[in-house]
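Contents: one structure, followed by commentary.
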Amino acid sequence: MTKYLTADNITFAMANLNQLVFEVTDVCNLQCKYCGYGELYDDHDKREDKMLPTKKAIRLIDYLAEFWKSKINTSAQSVIYISFYGGEPLLNMPFMENKPICHGYMNEHDFQNYVNTQMDFLRKHPEAYQKIMEEVIIV
């Protein structure tokens, strides 16, 4: 029997989401050839120097939180992983400093935040490290 995606499947998946990934920016301070945006790939997206506004991320989290609070959520005690990548996500420092992600939901869920960074920015701006390290694991 063929199973099709239904509205109930989607609702259940959002209520039990265990990972949320934000592309914080497509800006990068390096031009690595092997990067997915690099010259080794013909079909990559063009970089347009976009930054994800904090308000958009908050809207998404607020939307998902209604599902997380619902009775449909059967994984209420599990960790939700929030990941940030880009380009170089630390180049959108206003977003990373504010860390509005999940700020109002910490009592209801266990969140772990991850940043995928090439560390060059932190090497040149060590003061930024303190601004994001309290709640973020760098990978």
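What follows draws every value from the coordinates through simple rules; no lab data is involved. As the structure is a prediction and not an experimental result, all values here were calculated from the model. In this analysis, Cβ positions are derived from the backbone assuming ideal geometry, glycine residues included, and neighbour counts consider all displayed protein chains.
Points worth noting:
- Radius of gyration and maximum dimension Dmax of the range 1-62, Cα, Å: 17.2, 50
- Filter on LYS3/LYS56; LYS46/LYS124; LYS3/LYS46; LYS33/LYS124; LYS50/LYS71; LYS55/LYS124 - keep pairs with C-alpha separation over 30 Å: LYS3/LYS56; LYS3/LYS46; LYS50/LYS71
- Exposure proxy ranking, count of Cβ atoms within 10 Å, fewest first, for CYS28, CYS35: CYS35, CYS28
- Sorted fewest first by neighbouring Cβ atoms within 10 angstrom, ARG123, ARG47 come out as ARG123, ARG47.
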